[in-house]
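To start, I am sharing the structure in question, which I have written as structure tokens.
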Amino acid sequence: MSWTAHKDFVIFVILLFGFQVSQSWALYEWGGEYTQETICGLTGTTVILNCSFWYPKTHDGHIIKVEKTLWFTNGNNDQPEDLTKDSKYTDRLDLNCQGNWCTLSIRELRKSDEGKYKFRFITNATGGQYTVTSGVTLKVTDLTIQKPIWKKLSCHSECRLDSPSYIWYENGKKIPNLNSKKTISPVDYRSYSCALRGHEQHLSPPVCWGHPCDKVDYDHKNICALKGSDVDITCTYSHHKTVREKSWFRPDNGNTWNVPSVSTTWQLYHRYFTHDSRSQSYLRIINVTESDSAEYRFTFSEWGSDLPGTTLTVTAAQVQVIKAENKDSYTVASLSCHTSCSPASYSYWCWVKDGHENVGCPTWKKEQQITLHPGEYITCAVGNNPLSFSPPLYALEAPRVLLSNKSEILEGDLLTLTCIADTPTSSRHRWYKKCRTSDCEVMRYGEKLVFSSIQSSDSAEYFCAVENDLGEKMSQSVVIDVKYAPRFSNFLVSPSNVTEGQPVNLTCSSDANPAASYTWYKDQTMLQDSERNYYTFQSISAKDAGSFYCKARNKYGNVISSQVVVDIQYVPQLPSISARPCTNVSMGSTVRLTCTSDANPAASYFWFKDHEESPRSTEAMFNIINFQQDNEGEYHCVARNSQGSRNATVLLRAEKFRSWSQGALTAVAVRYATTGLLLILLLVTVLLFWKKTTSKGRMHSKSQPNTSEDSSRDQLEELMAFSEHSPINSNVTNDKTDHDEDDYETVVDTVIKCGGQASG
């Protein structure tokens, strides 16, 4: 039993500890804190409240995200009233949240803004909302003038100010050259006020130094009134001697209303009345409008006009949309009649549809749920004041887009698109450029979309949208088609490496609107005039090579492409061989063989002898020095490039006699001289023999043939005949003229061309 009791106690302690830990974790995971728990601000200035907060990253496996943040002063921590919905703060709040940090700025502080402000955030988690409970206490105070020491006045604030700069007024006139001093030395029988520089409208109450003194004190520094209501602007004043002249005036436009000397009457200036008693003065404005919004000041003969007076703000009612649901042909909206001013009391509200249909007038309901069709509108007013009706709130109709240019749009033109809304409304306008996704980004705001110099890239579909608090409506899209003259983008030869015999396409690309037609040129000569942007060779040949370009044109202009050289590659043509010397080659001489062939790319040359596998030379020109018997034979020239090869053959033979040389010239000369003498002697002997024979047989010449004469002639021809040289080849041509051996050494430009047996 004892063990059981002990065990139960241990379990209880563990559970209690675990509960406390979980509580501390919960408190740690959800929370927040304020930078300052108390803040002080001067009337008319701006204060900023700051709060940081934290929460768990996940809950039940889901990521937690903040969905809403708000500041409040009224209501409890669970059901707060959002400050942004309070008309007392209209147009005076700025809420800014970045990450886990939120600030609230309150402008133009009023005494009524004093209180405790709290921050609350709401997440997507179930029950995931938290109020930072401690709050920030705001105190609003005015400047006052104190007398800290003898014959001194000091501008005092209960708030701590950072480097304040002061402005002083004496009898309603600004005191110059005080260098922003906090303390001044006063003069008897005069009044003084002070203000912070930049907040001159919110100055301290005036203080007299000695009695009596001149002084003006306005009952209200700011007045907010509904359009159509009557407003009284009042002040109290004192003076140390008789006042000759008094008036109210507006410093912004110089309007002045004199105050009558008789205190029991009202002086009328159209809608403006003035009234004066011994120490008070009134300015009454009947049926105020927005144009009456201004600052009003009171002055008299001994009083300056620099002291800030009372600022009047006139506003009309506004139809505020709480919630709107757009259907296909109508809109259901929950509306509220909103005012930025807070009049003392409202008798009732008045709701009117399309200017004549009373939805609720009079009614005690500030809020209404109303159905509106496109083009219908709703207005509201406060109380029984007809001038306080709000501007109309329209259920929008789809707008239209109007173009400034009715005809064709050329590149560089000025083009204006206007979004036309058939409903008279001050709705917001947005412009879109049609995109493929459903979410198109706004390209511009405003009623007009202006292209000062429109470009081809601006060609697209455009539409506009009008929007107000009830929703938005989209226009039909309009097509902007910008026309322009051709401009080239590319010239393409396909394939890039052109080989003879293959198909080749020339393609000319241009950007134009409307599409361009094309004309083709080769070496400045027009090839073809057609609508096609390509030119085709079914089987290109070497004669098709040249410089090509094309011209693109439409109704707005033309452009010529750059020139492209088409270089056609082909197999070497049948080689041509030249030999020097060309016929039978003398022993010991030098033979020069030259091989040429038309080819693209240029050919390389190889010389082979007979059936040898290794070339004798890899140059177009091949020299055989000191030609001998073993140099006889067929020589083959092979012309080769990347496209293929062709070859030709030449046959070289050695002469039967010894080759001439410069050293044997004398022996040759002697030999030819001896031979010549022998021939002469032989010729003389033959002639003598022929003469003798002729004389003896002259008698028998008629009966018998002269066979001896014929025989002699044959012998003479045999003696005088030379052995002809055998040709190298039947196609070898000899361009050599008769030269002696010296000519072969000196006339180097002499070419002997031999057409050899060639094979492809």
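Please work out the Cα center distance from segment 50-71 to segment 93-148, rounded to the nearest Å.
19
With label points built 7 Å along Cα→Cβ from the Cα atoms of ASP252 and LYS152, find their separation and express it in nm.
4.1
Same structure again: Which Rg and Dmax, in Å, describe the Cα atoms of segment 92-133?
13.1, 39
Also: Can you check what the net charge comes to around VAL566, using other residues whose Cβ is under 15 Å from the Cβ of VAL566 (Lys, Arg +1; Asp, Glu -1)?
Computed value for this residue: -2.
So what's the gap between the Cα centers of segment 356-381 and segment 153-168, to the nearest angstrom?
Answer, in whole Å: 50.
Something else: Provide the net charge surrounding TYR189, with neighbours chosen by a C-beta distance below 10 Å and charges set as Lys +1, Arg +1, Asp -1, Glu -1. Don't skip to the answer; put the middle values down first.
Details: positive: ARG190, LYS241; negative: ASP188, ASP214.
Summing Lys and Arg as +1 and Asp and Glu as -1 gives 0.
Multiply the residue gap between VAL566 and CYS435 by 0.36 nm, knock off their C-alpha separation, and tell me the result in nm, one decimal place. Could you put the intermediate results ahead of the total?
Working: separation 131, 0.36 × 131 = 47.16 nm, distance 4.33 nm.
Extra length from VAL566 to CYS435 when fully extended: 42.8 nm.
Starting from the Kirkwood Rh over alpha-carbon pairs, what translational D in µm² s⁻¹ does segment 29-141 have by Stokes-Einstein at 10 °C and 1.306 mPa s? Could the numbers behind the result be given before it?
Working: Rh = 14.6 Å.
It comes out at roughly 109 µm²/s.
So, one more: Relative contact order (percent) for segment 483-569, with alpha-carbon contacts under 8 angstrom and 6 or more residues of separation? Write out the running numbers ahead of the final one.
Working: 201 pairs, mean separation 30.5, N = 87.
Reported relative contact order: 35 percent.
Calculate the translational D of segment 381-517 in whole µm² s⁻¹ from Stokes-Einstein, where the hydrodynamic radius comes from the Kirkwood formula applied to all Cα pairs, the temperature is 37 °C and the viscosity 0.692 mPa s.
Diffusion coefficient, whole number: 174 µm²/s.
Given the peptides 594-603, 124-133, arrange them by the average over their residues of other C-beta atoms within 10 Å, most packed first. Mind dumping the intermediate values first?
Numbers: 594-603: 19.1, 124-133: 15.0.
Descending mean neighbour count gives 594-603, 124-133.
Count of lysine pairs in segment 413-563 with Cα atoms under 21 Å apart, counting only pairs 8 or more residues apart in sequence or on different chains?
Taking the Cα cut-off of 21 Å, the pair count is 11.
How big is the convex hull of the Cα atoms of segment 483-569, per residue, in Å³? Could you put the intermediate results ahead of the total?
On the way: hull volume 6.8 nm³, N = 87.
Spelled out: Cα convex hull of segment 483-569, divided by residues, is 78 Å³.
Under the √(5λ) rule applied to the eigenvalues of the Cα gyration tensor, what semi-axes describe the equivalent ellipsoid of segment 76-180? Give them in Å, descending. Before the final figure, lay out the partial values.
Working: eigenvalues 333, 41, 35 Å².
For segment 76-180, the semi-axes come out at 41, 14, 13 Å.
State the three equivalent ellipsoid semi-axes of segment 347-406, derived from the C-alpha gyration tensor as the square roots of 5 times its eigenvalues, in descending order and whole Å. The partial results should precede the final answer.
Details: eigenvalues 195, 31, 12 Å².
For segment 347-406, the ellipsoid semi-axes come out as 31, 12, 8 Å.
For segment 410-480, what is the Kirkwood estimate of the hydrodynamic radius, computed as the reciprocal of the mean inverse distance between distinct Cα atoms, to one decimal in Å?
Working: mean 1/r = 0.0771 Å⁻¹.
Taking every pair of different Cα atoms in segment 410-480, averaging 1/r and inverting gives 13.0 Å.
Roughly how many whole Å is it from the C-alpha centroid of segment 175-218 to that of segment 577-647?
122
Find out how many positive minus negative residues lie around LEU93, taking Lys and Arg as positive, Asp and Glu as negative, among other residues whose Cβ is under 14 Å from that of LEU93. Before the final figure, lay out each step's value.
Numbers: positive: LYS85, LYS88, ARG92, ARG107, ARG110; negative: GLU81, ASP82, ASP86, ASP91, ASP94, GLU108, ASP113.
Taking every Cβ under 14 Å from that of LEU93, the sum is -2.
Where a number appears in this text, it was derived from the coordinates with a stated rule and is not lab data. Just so it is clear, the structure is predicted and the values come from calculations on it, not from any experiment. Positions of Cβ are generated from backbone atoms using ideal geometry, with glycine treated the same way; all protein chains shown enter the neighbour counts.
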